[in-house]
Amino acid sequence: MSQARHSLANFLLWIVLLLGFTLPVAAQSCESSSDLEDAARSAITSTAQRYFDMAAKSDTASLRQNAIASLAANFSSIEGTVKDHQANLSGAQAAVNSVFLLQADGSAPLPHAQFYCGIFGKNGQTPGSAIFELNNLPPGKYGIALLEASSPKGKAYFSLILQQEGTEWKLGGLYIKDAEFSGHDAQWFAARAREYKSKGQTRNAWLYYLEARNLIAPLPFMSTQATDNLYDEFQNLKPADVPGDGNTVELAAGSGSYKLTALFPQAVGSDLDLVVKYQVADASNTNQAYASNVAVIKAMVTKYPELRQAFAGVVARADDSSGRDYGTLLTMTEIK
C-alpha cells in the first residue's frame, strides 16, 4: 500500500469518526497488543519465540513441520531467508515488540484486505497503531508477531505471520531484514537526508530517505506512525529525473542513450552503494554489457557529482526483456 493511500485512508477514517457515521461491517478486523486478552497475546508471543529459537538454530526442518500446508509444500524461500540471515540470528537475543490479531471473514480469499489496528487520531496513526495490507488473503484468523533480534552482528527484524488452525498457531510467513546498516538505523539515515537537503543535494537526500524507509518498517505491507511521518516529510523531495515505479528516464552516456528503470541505495558488505538499472536489447553479450555499464556509471557520476559524497560506489545492471541481467560495480575511486 502506498503511503499516499495510507494518508488518505487515515483522513477518511477520521472524517467518519468525527461526523459520527457508522462504519459498515467489515470483512476484516484487527486487535493490537493492548486490545488482546492475555491468553491470546501469550499464545501468539510464545509461539513466535519458539519459532525464532528454531530459526536461530537453523532448524528449518522443524519450522517446516509447523507451517501451514501451502507454505510447507514450497518452503525453499523460508529456508533461504533463514540461511541468509544466520549470522544475525545465531546467538541473538530476541524481544517481542508487538503482536496483532487479524480476522478475515468470508468464504473466499479477500482480493485486497486492509487491517486498521489500534487507535487513530485526527492526524492519522498514533504510536501504537498499524495498518496492514494483504492481497488474496484466505479467510481465517492470523497473528502477526514483530520481534527484534540483537547480536554482535547488529539488529535485525524477525517478523512472523501465524495462522490459527484449531488451537495451534502455524507458520504462515517469515520475514527477516536488517534494522541497521553498518551500525546506523533509520533515524540516522533520515538525519543525513535532512543534511543533504539543507545543502541542496536533493538527489542524495531522496536516496538516503529511501534507505531510511527501508530500515524503519519490519514488513513491506505494514505502515506505522513512524513510516507515515517519514513519508510526509520527504514525499515532495523526489527529483523528477529519478526512475522507478514504472517511470523511465533517459540518460546520455558516451555515444548512446540509455533508458534507466530504477535507482536506489543498496548495502554491499560494509559499503552503501548506488544501484542503477537500465534496459538493453541483449544482456547475454557480456563484453557489450560491461562496456555499457561502465558508460552508464561514469555518466551518472559526471552528471550528478554529489553522489561521490554519499556512496562508496555505483552498481550498474543491464537488463533485457528476457529477464537476463549483467551487473558491474565501480568504486568512486575507480570512476574517473
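Each value in this text was obtained by applying a stated rule to the coordinates, not by laboratory testing. Computed from a predicted structure; not experimentally measured. Cβ: placed from backbone, ideal geometry, glycine included. Neighbour counts: every protein chain shown.
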> Binned at 5 Å from 0, what are the whole-percent values of the Cα-Cα distance distribution for the range 186-234, short to long?
Replying inline: 5, 25, 33, 21, 11, 5, 1
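Please get the size of the charge dipole for the range 3-178, origin at its Cα centre, with Cβ charges of +1 on Lys and Arg and -1 on Asp and Glu, quoted in debye to the nearest 20.
Numbers: 12 positive and 14 negative charges, 69 e Å.
Here the size comes out at about 340 debye.
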>> What is the distance in Å between the Cα centroid of the range 97-158 and that of the range 311-336?
In response: 36 Å
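Per DSSP helix of 4 or more residues, -39500 (n - 2.57); summed, then divided by the residues of the chain. What does that give at 222 nm, rounded to the nearest 500? Walk me through the numbers on the way to the answer.
Details: 11 runs with 119 residues, N = 336.
Estimated from H runs of four or more residues: -10500 deg cm²/dmol.
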> Taking only Cα atoms, what is the 0 to 90° angle, nearest 10, from helix 202-216's long axis to the longest principal axis of the chain?
Replying inline: 30 degrees
> Quick one: Debye curve from the C-alpha atoms of the chain, no solvent, what's log10 I(q)/I(0) at q = 0.11 Å⁻¹?
Replying inline: -0.86
> Length gain on complete extension for the stretch E306 to Q86, per 0.36 nm per residue less the alpha carbon to alpha carbon distance?
Replying inline: 75.6 nm
> Tell me, what ³J(HN,Hα) does each residue in the range 47-53 have, in order and in whole Hz, if you take phi through Karplus 6.51 cos²θ - 1.76 cosθ + 1.60 with θ = phi - 60° and put x for Gly and Pro?
Replying inline: 5, 4, 5, 5, 5, 4, 4
> Just going by the charge dipole of the range 186-234, with Lys and Arg at +1 and Asp and Glu at -1 on Cβ, which of S198, N214, T224 is farthest out on the positive end?
Replying inline: S198
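Volume per residue, Å³, of the convex hull around the alpha-carbon atoms of the range 249-334?
Numbers: hull volume 8.1 nm³, N = 86.
Value for the range 249-334: 94 Å³ per residue.
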>> How tilted is helix 225-234 with respect to the longest principal axis of the chain? Cα atoms for both, answer in degrees (0 to 90, nearest 10).
In response: 30 degrees
> Setting aside same-chain residues fewer than 8 positions from K177, which aspartates and glutamates have a Cα under 13 Å from its Cα?
Replying inline: D84, E148, D185, E211
> Using the beta-carbon distance between Q279 and D241 and R0 = 25 Å, what value does 1/(1 + (r/R0)^6) give for FRET efficiency, to the nearest 0.05?
Replying inline: 0.95
> By a straight-distance test (C-alpha under 21 Å), which lysines pair with K170 as possible cross-link partners, with residues fewer than eight away in the same chain excluded?
Replying inline: K57, K83, K141
>> Counting just the Cα atoms, what span does the range 129-229 cover along each of its three principal axes? Round to the nearest Å and put the largest first.
In response: 58, 33, 20
> To the nearest 10 degrees, how steeply does helix 286-303 sit against the main Cα axis of the chain, on a 0 to 90 scale?
Replying inline: 90 degrees
> If amide H atoms are built 1.01 Å from N in the plane of the peptide, which residues on other chains or at least 5 residues away come under 5 Å of the amide H of S129?
Replying inline: I119, Q225
> Cα-based Rg (one decimal) and Dmax (whole number) for the range 3-178, in Å?
Replying inline: 17.3, 53
> Given S270, L307, S255, which one lies farthest toward the positive end of the charge dipole of the range 250-314, if we put +1 on the Cβ of every Lys and Arg and -1 on the Cβ of every Asp and Glu?
Replying inline: S255
> Can you list the aspartates and glutamates whose alpha carbon is less than 16 Å from that of K277, not counting same-chain residues fewer than 8 positions off?
Replying inline: D241, D245, E250, D319, D320, D325
> Put a dot 7 Å past each Cα toward the Cβ at R194 and Q49; how far apart are the dots in nm?
Replying inline: 3.7 nm
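Which value, in debye to the nearest 20, gives the size of the charge dipole of the range 186-234 about its Cα centre, when Lys and Arg are +1 and Asp and Glu are -1 at the Cβ?
Working: 6 positive and 5 negative charges, 50 e Å.
Dipole magnitude for the range 186-234 comes out near 240 debye.
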>> About the Cα centre, and with charges only on the beta carbon of Lys, Arg (+1) and Asp, Glu (-1), how big is the dipole of the range 84-220? Nearest 20 debye, please.
In response: 580 debye
